[in-house]
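Asks: First the structure, then my questions, so here it is.
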Amino acid sequence: RLAFEPPLRAAARTMMEEARPVAEALGVRFPMDVERRLDIAGAAGTRKTSMLQDFERGRPLELVATDNRSIPAIGVDHLRELAARPDLVGVFGGKFSPVVLEEIPVLHEQEMLLLDQWAAADGIVDNGRSPNYVFRLSLRDSWAIATLLKQAQSRGLARVGLLVPNSGWGRSSSKATG
């Protein structure tokens, strides 16, 4: 549907076009344009995710929500509780980099998949682990900082200040400035 329904195709095109300059600023080169990519996606035909297939077959799906209140120790405790579930598929990460950074040892110890959609400290994915069970679904601090500084420079700003908290996120952002 994404490639064929005009509103969905337009939304996908917009997202891809917004992401492209960031990727190119980091040295990524695209062998084809956005329209060609969307055409290829459409040519793949209709696909259903395994979760949708399970739902259609009446298999239960349970979403367990936890709140670590931005406290790393609570996040680690929650991961250990989730790891005890025999049917656990994976974990969606939290919002705060300091919490996720502290969870990394438990994720790898338990071989738990983490899909990190928010926390952006580079060390979350660049954690030196192999195999790495952590996957980022969002921007990285180093990409964001590089793009912001380049944008400031293009606007003629010669001096840019950076105020960051003394936390995993703040240290990652500060390090990304070079």
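Asks: With a ≥ b ≥ c taken as the square roots of the eigenvalues of the C-alpha gyration tensor of the chain, please select rounded if a/c is under 1.5 and otherwise prolate if a/b is larger than b/c or oblate if it is not?
Replies: Working: a/c = 2.35, a/b = 1.05, b/c = 2.25.
Oblate.
Asks: Identify the GluC sites (Glu not before Pro) of segment 76-178 meeting these criteria: DSSP loop state and at most 14 other C-beta atoms within 10 Å of the C-beta. It would help to have the intermediate numbers written out before the result.
Replies: Numbers: sites: Glu81, Glu102, Glu103, Glu109, Glu111; in loops: Glu111.
Taking segment 76-178 and a limit of 14 other Cβ atoms within 10 Å, the loop GluC sites (Glu not before Pro) found are Glu111.
Asks: Mind giving me the FRET efficiency for Val22 and Asp126? R0 is 22 Å, r the Cβ-Cβ distance, nearest 0.05 is fine. Don't skip to the answer; put the middle values down first.
Replies: Numbers: r = 18 Å, r/R0 = 0.80.
Efficiency computed from Cβ-Cβ geometry: 0.80.
Asks: Then there is this: Could you work out the local net charge near Ser173, counting Lys and Arg as +1, Asp and Glu as -1, over the other residues with Cβ closer than 12 Å to its Cβ?
Replies: Numbers: positive: Arg140, Arg171, Lys175; negative: Asp122, Asp141.
Net of charged neighbours comes to +1.
Asks: Just the number please: accessible area per residue for segment 120-178, 1.4 Å probe, all protein chains included, in Å².
Replies: Details: 4050 Å² over 59 residues.
On a per-residue basis, 69 Å².
Asks: Mind checking the per residue accessible area of segment 53-102 for me, 1.4 Å probe, whole number of Å²?
Replies: Values: 3670 Å² over 50 residues.
Dividing the accessible area of segment 53-102 by its residue count gives 73 Å².
Asks: Taking the Cα centre of the chain as the origin, how large is its charge dipole in debye, to the nearest 20, when only Lys and Arg (+1) and Asp and Glu (-1) carry charge on their Cβ atoms? Don't jump to the answer; show the numbers that get you there.
Replies: Numbers: 23 positive and 22 negative charges, 128 e Å.
The calculated dipole for the chain is roughly 620 debye.
Asks: Please report the net charge: other residues with Cβ closer than 12 Å to the Cβ of Gly94, K and R +1, D and E -1.
Replies: Working: positive: Arg69, Lys95; negative: Asp67, Glu102, Glu103, Asp116.
That sum, taken over residues with Cβ under 12 Å, equals -2.
Asks: A follow-up question, please. In segment 100-178, which trypsin sites (Lys or Arg not before Pro) fall in coil by DSSP and have 11 or fewer other Cβ atoms within 10 Å?
Replies: Sparse-neighbourhood loop trypsin sites (Lys or Arg not before Pro): Arg155, Arg159.
Asks: May I pose another question? Cross-link candidates for Lys150: which lysines have Cα within less than 20 Å, leaving aside residues fewer than 8 places away along the same chain?
Replies: Lys175
Asks: What net charge is computed for the residues neighbouring Val76, neighbours being all others with C-beta under 12 Å from the C-beta of Val76, Lys and Arg scored +1, Asp and Glu -1?
Replies: Working: positive: Arg80; negative: Asp77, Glu81, Glu102, Glu103, Glu109.
Net local charge, Val76 excluded: -4.
Asks: For segment 26-101, with only Lys/Arg (+1) and Asp/Glu (-1) charged at the beta-carbon, what is the dipole magnitude about the Cα centre, in debye rounded to 20?
Replies: The dipole of segment 26-101 has a size of about 160 debye.
Asks: If you take the charge dipole of the chain about its Cα centre, with +1 on Lys and Arg Cβ and -1 on Asp and Glu Cβ, which of Leu88, Phe4, Ala65 is farthest toward its positive end?
Replies: After comparing all options, I get Phe4.
Asks: Calculate what fraction, in whole %, of the accessible area of the chain sits on carbon and sulfur atoms when a 1.4 Å probe is rolled over the protein chains.
Replies: Details: 7090 of 12430 Å².
In the chain, the share of accessible area belonging to carbon and sulfur is 57 percent.
Asks: Sticking with this structure for a sec: So what does Ile40 come to for accessible area, using a 1.4 Å probe and Å² rounded to 10?
Replies: My reading of the accessible area for Ile40 is about 70 Å².
Asks: Tell me which of Ala41, Val100, Phe55 sits at the most positive position along the dipole axis of the chain, charges placed on C-beta atoms (Lys, Arg +1; Asp, Glu -1).
Replies: Final value for the positive-end residue is Ala41.
Asks: Assuming a ≥ b ≥ c are the square roots of the Cα gyration tensor eigenvalues, decide whether segment 77-178 counts as rounded (a/c under 1.5), prolate (otherwise, with a/b larger than b/c) or oblate. Please report the intermediate quantities before stating the final value.
Replies: Values: a/c = 3.04, a/b = 2.65, b/c = 1.15.
It comes out prolate by the Cα gyration axes.
Asks: List the relative contact order of the chain as a percent without decimals, with contacts defined as Cα pairs under 8 Å and 6+ residues apart. Each step should come with its number before you reach the end.
Replies: Details: 177 pairs, mean separation 26.9, N = 178.
Relative contact order comes out at 15 percent.
Asks: How large is the convex hull of the C-alpha atoms of segment 16-83 per residue, in Å³? Write down the numbers at each step before the final one.
Replies: Numbers: hull volume 12.7 nm³, N = 68.
Spelled out: Cα convex hull of segment 16-83, divided by residues, is 187 Å³.
Asks: Then there is this: Give a quick list of chymotrypsin sites (Phe, Trp or Tyr not before Pro) in segment 57-118 that DSSP marks as loop, anything other than H, G, I, E or B, with at most 16 other Cβ atoms within 10 Å.
Replies: On the way: sites: Phe92, Phe96, Trp118; in loops: Phe96, Trp118.
Filter output for segment 57-118: Trp118.
The values are calculated or read from the model by the stated rules, or taken from the named source; none is laboratory data. What you see is a predicted model, and the numbers here were worked out from it, not measured in a lab. All Cβ positions, glycine included, derive from the backbone under ideal geometry; neighbour counts span all protein chains shown. We work out accessible area using only protein heavy atoms, side chains counted, and drop any ligands, DNA or RNA first. Shrake-Rupley method; radii C 1.70, N 1.55, O 1.52, S 1.80 Å.
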